[in-house]
Amino acid sequence: MEKIIYLDNAATTRTAPEVVEAMLPYFSELYGNPSSIYDFAGKSKEGVAHARQQIADVLGCGKENIYFTAGGSEADNWALKATFEAYKSKGNHIITTKIEHHAILHTCEYLEKERGAKITYLDVDENGIVRLEDLERAITPETILISVMFANNEIGSIQPIREIGMIAREHGILFHTDAVQAFGQVPINVDEYGIDMLSSSGHKINGPKGIGFLYIRKGVKIRSFVHGGAQERKRRAGTENVPGIVGYGAAAERAAATMEKRAAKEIELRDYLIHRITTEIPYVKLNGHPEKRLPNNVNVSFRFVEGESLLLMLDSFGICGSSGSACTSGSLDPSHVLMAIGLPHEIAHGSLRLTLSEETTKEELDYTVDKLKDIVEKLRKMSPLYEDFIKKMK
Ligand SMILES: *Cc1c(COP(=O)(O)O)cnc(C)c1O
């Protein structure tokens, strides 16, 4: 394959070589079912237990609070649907935000339409941050759950999670956070932050795809999501994805161990990229909070440019980016996140998300900006709106 410049790490990441290494024996010689009683299967069981401990250590919780799922989407679905079922005698109101991942938003829509839930979708400010006054105001005696994402997958904004956790606790309401973009990227301690449930996914932190977990605090009444065998303390049936779980554990430990250094490097490159784009290309705007953002996230809007065309042209130079979230690409609706921060349609349509990794180099970013400058200029030359705009300026 030709060399590519991969700047779409919010969509997925490379499985780290040491993670693959850790997984391999569990595909080949250690294939026993962790539920079997002979000694041979014990090795698989140990692999799963070790991974659960590795993950629990990153969150500062007990390993009995970690429940493996088939990814971030399942963890989000589980948290919302099962909490709603278990607590509906107490109330039917859930508070979330307008900028959640579709795994949350579409689950909320389902609960609203099919199950009688009332959902409040909180607005965010122009930087994509929830206002705590809005949250407090939305709470009613019927509120059973607050679900606010830790960090946004499109614009990288990091929410005031500790404060939200305190508000939830004061009101005796459960607090769930979709931390798929944050786990392993920024420090998280579930007790300090007052988090009752937390979703995460392996493939966003250099682990394998199709594996995730839901952290569930002891005492949270939550129903089983998949019925069947007694795996995951009878809360999520199905033979464990042993290689996936082992890889996830290795990825989590690795992410935590390298977090500080990686974040420092990524922040430096991120700010360099933002600086070059916003100073060298006219009519461009940075989306998301300038500081309270993920170390690897850049999201910018170019006026008079169509995001999809931009992506295709970048692709022709081997540069992989995204025009919003992978799920919205392919449809013509502008991203719900960019709408929520108040961007007009035509500006939201000209948006580009570039998400770095620890492997990203300055040379790659220089190459990307150089191409981007040419491409934006070319696309604007073809835009009648831009032509009108320039005429009016003169
Ligand atoms: C990727 C992502 C998900 C979905 O995780 P999968 O493991 O791909 O199902 C959920 N929430 C956020 C914020 C994400 O970025």
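The values are calculated or read from the model by the stated rules, or taken from the named source; none is laboratory data. Keep in mind that this is a model prediction, so the values were computed, not measured. FYI the Cβ positions are ideal-geometry reconstructions off the backbone, even for glycines, and counts take in every protein chain you see. SASA here: full protein model, heavy atoms, side chains in, ligands and nucleic acids out. Shrake-Rupley method; radii C 1.70, N 1.55, O 1.52, S 1.80 Å.
Okay, residues lined up against (1) touching a residue at least 60 places away in the same chain (Cβ under 8 Å); (2) of a type outside the set (A, V, I, L, M, F, W, C); (3) on the phi < 0 side of the Ramachandran plot:
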position	(1), (2), (3)
Ser44	yes, yes, yes
Thr69	yes, yes, yes
Phe84	yes, no, yes
Tyr87	yes, yes, yes
Asn92	no, yes, yes
Ile99	yes, no, yes
Cys108	no, no, yes
Ile119	no, no, yes
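Within region 194-207, the set of residues being buried (at least 22 other Cβ atoms within 10 Å of the Cβ) and either more than 14 Å from the ligand (Cβ to nearest atom) or of a type outside the set (D, E, K, R) (or both) comprises Ile195, Asp196, Met197, Leu198, Ser199, Ser200, Ser201, Gly202, His203, Ile205, Asn206, Gly207.
Condition (residue is within 16 Å of the ligand (Cβ to nearest atom), open to solvent by less than 10 Å² (accessible area, probe 1.4 Å) and either without any contact (Cβ under 8 Å) to a residue 24 or more places away in the chain or within 30 Å of Pro25 (Cβ to Cβ) (or both)) applied to region 221-243: is it met by at least one residue? The answer is no; no qualifying residue exists. Within region 1-34, the set of residues being more than 30 Å from Ser322 (Cα to Cα), of a type outside the set (A, V, I, L, M) and open to solvent by 70 Å² or more (accessible area, probe 1.4 Å) comprises Phe27, Glu29, Tyr31. Taking each residue of region 199-213 that is at negative phi and not assigned by TED's automatic domain parsing to the domain that holds Gly247 and looking for partners that are near the ligand (Cβ under 8 Å from one of its atoms) and open to solvent by 10 Å² or more (accessible area, probe 1.4 Å) with beta-carbon atoms closer than 7 Å, six or more apart or interchain, yields nothing.
Does region 323-330 include one or more residues that are buried (at least 21 other Cβ atoms within 10 Å of the Cβ) and without any contact (Cβ under 8 Å) to a residue 40 or more places away in the chain? Yes, region 323-330 contains a residue that is buried (at least 21 other Cβ atoms within 10 Å of the Cβ) and without any contact (Cβ under 8 Å) to a residue 40 or more places away in the chain. The single residue among Ala117, Ala75 that is more than 16 Å from the ligand (Cβ to nearest atom) and either open to solvent by less than 30 Å² (accessible area, probe 1.4 Å) or assigned by TED's automatic domain parsing to the domain that holds Arg293 (or both) turns out to be Ala117.
Residue pairs whose Cβ atoms lie under 7 Å apart, separated by 6 or more positions or on different chains, with the first residue in region 369-389 and within 24 Å of Tyr6 (Cβ to Cβ) and the second among the β-branched types (Val, Ile, Thr) and in a helix (DSSP H, G or I), are Val369/Ile277; Leu372/Ile277.
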